[in-house]
Amino acid sequence: MIEVSHLTKKYGGHLAVDDVSFTVEDGQIYGLLGPNGAGKSTLIRAILGQREYEGKITFHEASGKEAKLRIGYVPQSPFLLNASIAENVAFSHWGTTLDRERVRQCCRMAAMDFVDELEQNIDTVIGERGVRLSGGQVQRVAIARALYNDPQFILFDEATSALDGAAEQAIQHTINSLREHMTLVVVAHRLSTVEACDYVYWVDKGMVRMEGNPKQVLPAYADFLAVQNTATPQEKSEN
Ligand code: ADP
Ligand code: MG
């Protein structure tokens, strides 16, 4: 479980997150929805320990004991090394012996079927000098990389935002298949990305504006977007 309580983050004088509290229960898939600049990435970075903040973030095992936490992170634009698929997947253990069976298992969980088509399979070099991957394939490598650490949680920050509709759906399907094994937090500004979540937090201007079942939250968010889109440029710039 992740418990965020009264989290506030300022960049200079600018309040990016304003006294936000929320809970992520084990074994669920959560959506963090909101427009650009809402504060979603700042929240994710704080959970990852990459930002200083006021407030408290606590992690618990299901048993209630404090535990050494393993959090996976899948960003919008993952950084791929000019190295083999296996080395990219085992990136967090760079410099140690590759667990090839574990790499293969993570590739399967990330539905990296395209690897079977490559002559050198997981030893195929990707990146600048190697095989060029599609956006969807890059995201799958990033998912396999997150899985390599055997995480209890995976945080996806706009992981499918740069993909077209079909590629997004395929990755979404893969993300949903992971819910049996771990707790997932999916950050997005698009409605379609969080439709299958168990619970959604809609974040706006650094605050949780609404939370609940996607059936309740998504129509309200869609109305909000429609109003934004019909606003005059003047009104938009004031938002
Ligand atoms: P989102 O991920 O929802 O688009 P962010 O958390 O990235 O929102 O940003 C929230 C607000 O904080 C925005 O106004 C953004 O400009 C500001 N912000 C984010 N990161 C930084 C930073 N490193 N330095 C200064 N301001 C930042
Ligand atoms: Mg963001």
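The values are calculated or read from the model by the stated rules, or taken from the named source; none is laboratory data. What you see is a predicted model; the values in this text were computed from it and never measured. Because the Cβ atoms are built from the backbone with ideal geometry, glycine has one as well, and the counts that use them run over all protein chains shown. The area values use the complete protein model at the heavy-atom level, side chains included, leaving out ligands, DNA and RNA. Shrake-Rupley method; radii C 1.70, N 1.55, O 1.52, S 1.80 Å.
Summing Cβ point charges (Lys, Arg +1; Asp, Glu -1) relative to the Cα centre of segment 100-167 gives a dipole of roughly 180 debye.
Comparing 57, 109, 184 along the charge dipole axis of the chain, the residue lying farthest to the positive side is 57, per the Cβ-charge model. Between the beta carbons of residue 226 and residue 176, assuming R0 = 25 Å, the FRET efficiency works out to 0.40 to the nearest 0.05. Taking the three principal axes of the alpha carbon atoms in segment 108-239, the coordinate ranges are 54, 33, 23 Å, sorted in descending order. Quick check: the angle from helix 135-148's long axis to the longest principal axis of the chain, C-alpha only, nearest 10 degrees? The two axes meet at around 80 degrees. Taking 0.36 nm per residue of separation and subtracting the Cα-Cα distance, full extension of the segment from residue 198 to residue 102 would add 31.7 nm. Of the solvent-accessible surface of the chain, computed with a 1.4 Å probe and all protein chains present, 48% belongs to carbon and sulfur. For segment 157-162, backbone phi angles converted through the Karplus equation (6.51, -1.76, 1.60; θ = phi - 60°) give residue-by-residue couplings of 9, 6, 5, 10, 5, 8 Hz, Gly and Pro being listed as x. In terms of the Cα gyration tensor, with a ≥ b ≥ c the square roots of its eigenvalues, is the chain rounded because a/c is under 1.5, prolate because a/b exceeds b/c, or oblate? Prolate. How charged is the neighbourhood of residue 43? Take every other residue with its Cβ under 15 Å from the Cβ of residue 43, and add Lys/Arg as +1 and Asp/Glu as -1. Once all neighbours under 15 Å are counted, the net charge is -1. Each label was represented as a point 7 Å from its Cα along the Cα-to-Cβ direction; for residue 26 and residue 11 these points are 3.5 nm apart.
Working note: Karplus 6.51/-1.76/1.60 with θ = phi - 60° gives segment 177-185 the couplings 5, 7, 4, 5, 9, 7, 8, 10, 10 Hz, where Gly and Pro are set to x. Distance distribution note for segment 132-183: the fraction of Cα pairs above 18 angstrom is 26%. Once the C-beta distance of residue 83 and residue 162 is scaled by a Förster radius of 25 Å, the resulting FRET efficiency is 0.65 to the nearest 0.05.
Rolling a 1.4 Å probe across the protein heavy atoms gives the chain an accessible surface of 52 Å² per residue.
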